[in-house]
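What follows is a single structure, written as structure tokens, with notes after it.
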Amino acid sequence: MKSIDADIVIVGAGLSGLAAATELNAQGHDLLLLEARERPGGRILSRHVAGLDDAALDLGPSWVWPENDRMIKLIDELGLRTFPQFAEGRLVFEDQRGLIRRDLELATMAGALRIEGGVGKLIDRLCDKLPEGNLHLGNKIEGIATSAGAGLIVTGSAGDKEFSLLANAVLLALPPRLVVESISFEPRLAEALTDKLAAIPTWMAGHAKFVAVYEKPFWRELGLSGDVISHFGPLAEIHDASPNPPTLGILFGFIGYDAEARGQFGEKLHQLALEQLERIFGYKAANPLEAMIWDWSKERETATQRDHAPLTQHPHYGFPASLLQIEGNGIFFAGSELAATSGGFLEGALEAAGAACHRLEAFLERQKASAVTSS
């Protein structure tokens with residue numbers, strides 16, 4: 001029989017997978033972290049502006065909350081800093097007819113924290129902590145099979161080359177829908193289990209963000225916070241995303257149309273978003289230094305077809321007890337959607353990773369004890 005290539009194979013180098021790799025490395029486990037994308041981070045993606053290290057466009061999650069104990073601890077451990085979401089000034093409301101009010105004393109994200117330099121700094125620092133040779137990008141996992149001898153056979157492809165690995169355990173740090181739609185299992189997962197996993201929505205997978213960059217946050221001079229709620233669109237919700245201190249002015253908005261509608265608008269959607277910003281913030285908003293749309297529904301490693309309709313409310317996430325049965329075979333599940341209390345959020349990614357590592361280590365201890373007994 002082929003020798004074990006790694007004690008543990010972790011699939012997915014988003015926050016959950018990277019956090020799990022960090023924890024399991026600290027426990028002395030030999031592991032491989034495989035990521036289908038050519039970058040780590042998963043749904044965390046920060047693009048820097050004009051070479052400024054402190055100004056980043058967070059195209060995925062943007063906020064941390066003071067009660068997110070795991071995130072606050074990790075940020076501190078990685079030597080990063082937070083600052084409060086700008087919340088001074090008035091909110092703008094746009095009704096279904098396009099009529100605008102600018103007199104609302106309301107800050108929708110007051111109390112939220114942002115990470116200096118963007119959330120992507122978390123990913124950079126976690127990757128820096130990994131031993132050389134741990135992380136492999138562009139490696140797509142396609143199958144997991146129970147070996148006739150011992151361990152699990154993990155198959156996949158890297159570019160035009162196929163590969164096969166043998167591991168004692170596999171940790172799938174992916175959204176549940178991606179697991180059932182992109183990975184085959186031998187023996188096959190029970191239909192009831194695959195149905196349950198496929199029914200778990202991937203948080204924010206169907207959404208798209210529009211980001212516009214300006215020389216300064218001129219809306220603040222107008223007494224506006226940058227917060228907008230719109231029933232006219234195309235941006236349904238807008239926020240100030242400027243760095244601290246505000247070396248640039250940045251606005252971002254969630255596009256209120258679903259993936260199909262966004263596709264029908266095509267390039268026109270970009271111009272419609274700028275026209276909306278001009279309606280709301282005045283002529284200075286019409287000509288940003290740069291602007292872009294990032295559509296997560298187009299990311300094959302994030303969204304399935306079922307995710308193309310944006311969620312209108314936060315789902316009730318959690319860990320299905322039926323997953324424990326397959327974990328008895330050495331296949332473990334992490335990912336923010338499986339967190340017991342903070343599903344979908346950054347905090348949930350850490351929560352799910354920690355819980356999965358705990359169960360995985362217990363499994364390996366049982367394996368070790370069984371091997372000693374049988375010998």
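The values are calculated or read from the model by the stated rules, or taken from the named source; none is laboratory data. Note that the coordinates shown come from a computational prediction; the quantities given were computed from them, not determined experimentally. Here the Cβ is made from the backbone with ideal geometry for all residues, glycine too, and neighbour counts use every protein chain on show.
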Query - All positions within the range 101-132 that are surrounded by fewer than 14 Cβ atoms within 10 Å (Cβ to Cβ) and either among the aromatic types (Phe, Trp, Tyr) or in contact (Cβ under 8 Å) with a residue 60 or more places away in the chain (or both) - result: 106, 131
Query raised in the report: Hey, among the residues in the range 308-323 that are farther than 17 Å from residue 345 by Cβ and in contact (Cβ under 8 Å) with a residue 12 or more places away in the chain, which one's surrounded by the most Cβ atoms within 10 Å (Cβ to Cβ)?
Result: 323
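For the range 278-298, enumerate the residues that are among the hydrophobic types (A, V, I, L, M, F, W, C), farther than 29 Å from residue 42 by Cβ and surrounded by 15 or more Cβ atoms within 10 Å (Cβ to Cβ).
Selection gives 280, 281, 285.
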Query raised in the report: Restricting attention to the range 331-341, which residues are over 20 Å from residue 13 (Cβ atoms) and either touching a residue at least 40 places away in the same chain (Cβ under 8 Å) or out of contact with any Phe, Trp or Tyr (no Cβ under 8 Å at 6 or more places or on another chain) (or both)?
Result: 341
**Report entry** residue 181 being surrounded by fewer than 18 Cβ atoms within 10 Å (Cβ to Cβ), without any contact (Cβ under 8 Å) to a residue 24 or more places away in the chain and out of contact with any strand residue (DSSP E or B) (no Cβ under 8 Å at 6 or more places or on another chain)
**Finding:** no
Query raised in the report: So how many residues does the range 74-89 have that are of a type in the set (D, E, K, R), in contact (Cβ under 8 Å) with a residue 12 or more places away in the chain and either under 15 Å from residue 122 (Cβ atoms) or buried (at least 18 other Cβ atoms within 10 Å of the Cβ) (or both)?
Result: 1
Query - Residue, farthest from residue 39 (Cα to Cα), within the range 130-140, restricted to residues that are of a type in the set (A, V, I, L, M) and either touching a helix residue (DSSP H, G or I) at 6+ places or on another chain (Cβ under 8 Å) or at pLDDT below 95 (or both) - result: 130
Query - Hits in the range 89-104 (condition: part of a loop (DSSP other than H, G, I, E, B) and touching a strand residue (DSSP E or B) at 6+ places or on another chain (Cβ under 6 Å)) - result: 89
Query raised in the report: Restricting the search to the range 16-48, which residues are closer than 30 Å to residue 216 by Cβ and surrounded by fewer than 20 Cβ atoms within 10 Å (Cβ to Cβ)?
Result: 47, 48
Query raised in the report: Just one of 111, 133, 143, 159 is among the small types (Gly, Ala, Ser) and under 30 Å from residue 253 (Cα atoms); which is it?
Result: 111
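Yes or no, residue by residue, for (1) closer than 27 Å to residue 330 by Cα; (2) touching a residue at least 12 places away in the same chain (Cβ under 8 Å); (3) part of a strand (DSSP E or B):
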residue: 145; (1), (2), (3): yes, yes, yes
residue: 150; (1), (2), (3): yes, yes, no
residue: 156; (1), (2), (3): yes, yes, yes
residue: 162; (1), (2), (3): yes, no, yes
residue: 168; (1), (2), (3): yes, yes, yes
residue: 193; (1), (2), (3): yes, yes, no
residue: 206; (1), (2), (3): no, yes, no
residue: 225; (1), (2), (3): no, yes, yes
Report task. Look at the range 253-298 and say how many of its residues are basic (Lys, Arg) and within 25 Å of the chain's Cα centre (by Cα). Result -> 2
Query raised in the report: What number of residues in the range 195-236 are touching an Asp or Glu at 6+ places or on another chain (Cβ under 8 Å), surrounded by fewer than 21 Cβ atoms within 10 Å (Cβ to Cβ) and among the charged types (D, E, K, R)?
Result: 1
Query raised in the report: Is there a residue in the range 323-332 that is within 24 Å of residue 146 (Cα to Cα), in contact with a strand residue (DSSP E or B) (Cβ under 8 Å, 6 or more places away or on another chain) and assigned to a strand (DSSP E or B)?
Result: yes
Query raised in the report: Checking residue 175 against (1) modelled with pLDDT under 95; (2) under 30 Å from residue 28 (Cβ atoms), which test does it fail?
Result: (1)
